1. Please provide three numbers in whole Å: the alpha-carbon extents of region 1-44 along the principal axes, with the largest listed first.
2. Skipping prolines and chain starts, which residues have an amide H placed within reach, meaning under 5 Å, of the one on Gly153, given they are 5 or more residues away or on another chain?
3. Per residue, what accessible area does the chain have, given a 1.4 Å probe and all protein chains present, in Å²?
4. Considering only protein heavy atoms and a probe of 1.4 Å, how much of the accessible area of region 1-137 is carbon and sulfur, as a whole percent?
5. State the extension gain, in nm to one decimal, for the chain segment bounded by Val88 and Ala31, taking 0.36 nm per residue of separation less the distance between their alpha-carbons.
6. For the chain, place one equal point scatterer on every Cα, skip the solvent, and apply the Debye formula. What is log10 of I(q)/I(0) at q = 0.10, 0.18 Å⁻¹?
7. In vacuum, with every alpha carbon of region 1-101 counted as one equal point scatterer, what does the Debye formula give for log10 I(q)/I(0) at q = 0.11, 0.12 Å⁻¹? Two decimals, please.
8. Give me the net charge of Met164's neighbourhood, meaning all other residues with Cβ under 12 Å from the Cβ of Met164; Lys, Arg count +1, Asp, Glu -1.
Amino acid sequence: GAWNVIGTAENSGSPSIDHFGFTTGITNTYATYVIFCSLYGTQGSGSPRIQVTADGGSSYVSSTDYDNSGIRYKAADASENTVNAAGVAFWPIMNSGTLGTTTSTAMHVEIRISNLCSAIATQFYSSYGGSAANYGCTGFMGGYLDTNTAYNGFKIYPSGGDIMGKVTVYGLSQS
């Protein structure tokens, strides 16, 4: 199907925000959403995460229904880090580390969310590369949310502090 721009959000720190949220245009017209991000944060901003909403952003699913796994390669010491988690309250976009604090140390991310607006298991995948806490890294995460609920939005937020950067969401039409 065709790629359609759903929305773009950008913030360079003024005013500070604690998340990028998308609810407008999130409908069952699209089977998959592809999100391109360039993210950085304030000092102390943690690892970026995603939560979904079924009520247009009034609240976000924070129950322990998210499952995920992934791997990261850290260039500074050639180490690998794997993670597997079941029953957490979010999907991690990267499996460890914190966001860089400038545009030149931003984390570049591609996220795919499938079945978001369908009452079947919602699937998540992210791949990322860039700088996290002043070292280069690359990796991927994947997971699902098996609540059989049709959702109509999501937010991207750090585990602490504020988030900055640019996020563009595309919908892939079903036909």
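The values are calculated or read from the model by the stated rules, or taken from the named source; none is laboratory data. What you are looking at is a predicted structure, and each value in this text was computed from that prediction instead of being measured. Heads up, the Cβs are rebuilt from the backbone with ideal geometry, glycines too, and the neighbour counts pull from every protein chain shown. Ligands, DNA and RNA are excluded from the accessible area calculation, which covers all protein heavy atoms including side chains. Shrake-Rupley method; radii C 1.70, N 1.55, O 1.52, S 1.80 Å.
1. 40, 17, 15
2. Those lying under 5 Å, H to H, from Gly153 are Thr53.
3. I get 43 Å² per residue for the chain.
4. Percent of accessible area from carbon and sulfur atoms in region 1-137: 48.
5. Separation in residues times 0.36 nm, less the Cα-Cα distance, equals 18.1 nm.
6. -0.35, -1.15
7. Log10 I(q)/I(0), no solvent term: -0.44, -0.53.
8. It works out to a net charge of -2.
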